[in-house]
Every structure is written in structure tokens, then in C-alpha cells.
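So the structure is just underneath, and the comments pick up after that.
Just so you know, all these numbers are worked out from the coordinates, no wet-lab data involved. If you're wondering where the values come from, they're calculated on a predicted model, not measured in any experiment. All Cβ positions, even for glycine, are placed from backbone atoms using ideal geometry, and neighbour counts span all protein chains on display.
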Amino acid sequence: MLHCKFNEDDSICSTIDYEENPDKYRGLIYCIDCGEKAWFTKGYETQKISRMACFGAKHKEGCNASTVEFVSDDPDNDEDEKNQNSGIRVDLDKVTSQSIYVSNDNNKHGDEESDWKGKSKRKIIGNSDGFPLSKSLRQLLTNLCRNSDYGDENQTITIVANSGRVVVEGDLRSNLVRIEDVSREHIGKDYIFWGKINNLNIDKKGTLWLNYGDNLLEPSIALNSKLKEQVLVNFKLKEVSELDGSDVIIVGHVGFSPQGKAIISTGFTKYMSFRRVTVK
């Protein structure tokens, strides 16, 4: 998409408008046709391709504005697990550095919609031995994104760190929280939060805010300046804007601002992972 609706006054926002004034439009743009939340993707170049700036959205089925397909950076060897009798074990100390992709900004905009189409990946479902499945947060996020009912399949989960210290343990469903569903009921305990990063910004203190939507009212993940730098290094990002439109999973806790905004926090980058989507 090259144009979105600005929710404040129903005006039309172009990619140029957004890039020139992101603070005005951040978290407040929607697909003109289906009304779903939209995010901005910078124009970029790699050794093989050049893409102009555009807007992305998780469009409703049949939406005519869905002119390009966003595909994830799922590893080719990733597998879905659908054994309802299996437990899941995640050892955060076994996480290795992850690479999203490498690109360069090209400040490219256009007037014609792209006709690029991505190829969806279909994965084989396997493992039915009934033993705990050794998985990473990234694999768990992939399964949640592919199957919205994955957390309802009567599975248990144990997440450990620091040579075996239990961080989260119990029924998977009761420990999973969609970012948009965060409430005060979730205060006081670590949960597995997951969802879409609609937009992001960095405040005067250097804190990185990964926002679900309206950065003033809707839930956000807050990473202090030290964590922000570690995210860049550990996930091999050139800049944090590469996370716009990504899916995120984070093991952490939630608090609320005096204005009632939900703020999710964590202490280490190994407690989070991202599922980056790009235009193909």
C-alpha cells in the first residue's frame, strides 16, 4: 500500500507524509479498505533487490488493498509441533545471536503499487513421542503466528535460564498473553507476551518503545538504552526501524503508567525474539 487513512481526521497519509512526520502518524494509520492497523516500511536495498517505501497491514481476507505479500524470515528447518500431549521446554541460555536481514535505506517512494508476490511456506508437522520438546522462543513465536489456536492445545511449558532457574512454568495457555489483551490482571508475574510491533520510537532517555498501536494509549514494550543497543548487536540490526511490522515474543512483566498505559519490560535480550516480515 502507498496510502493509508490517518485515524485522527480520516485524511489520507502517503509514504512521503509518514517519513516526513512519523511522530504525527505513528500508531494512528489504518488500511483504507479494510480498516486494519497499518505500519510503515522504509524503502531499502540489498545486493539483489531494491524496494520502495510502502505500508503493510495484516489485511482482512479479500481486501483489495493487499497488493503485496509480506513474508517472514522463518528458518527453512523450523517445524510445527502439534502433539497435544507434549510439553515444551525453552532454555534461554542456549539462545544464539540471530540475524534478521541486511539492507540499506534508499529513500525510495513511488506512485504505483508494487506487484511483487511472496511465496508462502508450508511446514511439515512432526514429533509425537510425548516427551518435552526442546524449543526456542523464536520457534514458539513462529508456531503462534501460524496457528492462532496453538496456545490452546493443552500443552505445558517450562522456560529456564541461569543454568536451570525456572522463569515460567505451567499450562501454556495460561502463561501466554497477546499484547493487545494485557490487563492489570497480569501484574505481579512473568508471562510470555507476544504480538505485532506496529511502530516504534526512541524517547529522550534513549528508551526504545515497541508499540502495538497508539504509542500514548495502547500497550508497548519498553527497552532501556542498554537493552536497545544489545538488541542491535544480538539480532544484527543496522537500526531499530528494521523491526517495524515484526512479530515479537518476550518473557517479562507488565506495569501501568499513571495514564493507564500498559508497559511490558524484561531484563535481557535472551528473553525476547522477533519474527521479521519483509516485502518479497
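So, by mean Cβ neighbours within 10 angstrom, what's the order for 200-207, 135-142 with the highest one leading? Could the numbers behind the result be given before it?
Details: 200-207: 13.4, 135-142: 21.8.
Descending mean neighbour count gives 135-142, 200-207.
Any idea how far apart ILE16 and LYS189 come out in nm if each label point goes 7 Å out from Cα toward Cβ?
5.3
Which one, SER220, VAL182, ILE202, is farthest towards the positive end of the dipole of region 164-241 when Lys and Arg carry +1 and Asp and Glu -1 on their Cβ?
It is ILE202.
For ASN224 and LYS205 in one chain, what is 0.36 nm times their gap in residues minus the Cα-Cα distance, to one decimal in nm?
Full-extension gain reported as 6.0 nm.
Provide the net charge surrounding GLN230, with neighbours chosen by a C-beta distance below 12 Å and charges set as Lys +1, Arg +1, Asp -1, Glu -1.
+3
What whole-number distance in Å separates the alpha-carbon centres of region 250-264 and region 7-21?
Each part reduced to its Cα centre gives a spacing of 28 Å.
Give the peptides 13-23, 245-255 in descending order of average Cβ contacts within 10 Å, highest first.
245-255, 13-23
Given points 7 Å out from each Cα along the Cα-Cβ axis, report the THR156 to ASP91 separation in nanometres with one decimal.
Placing both labels 7 Å beyond Cα along the Cβ direction yields 1.9 nm.
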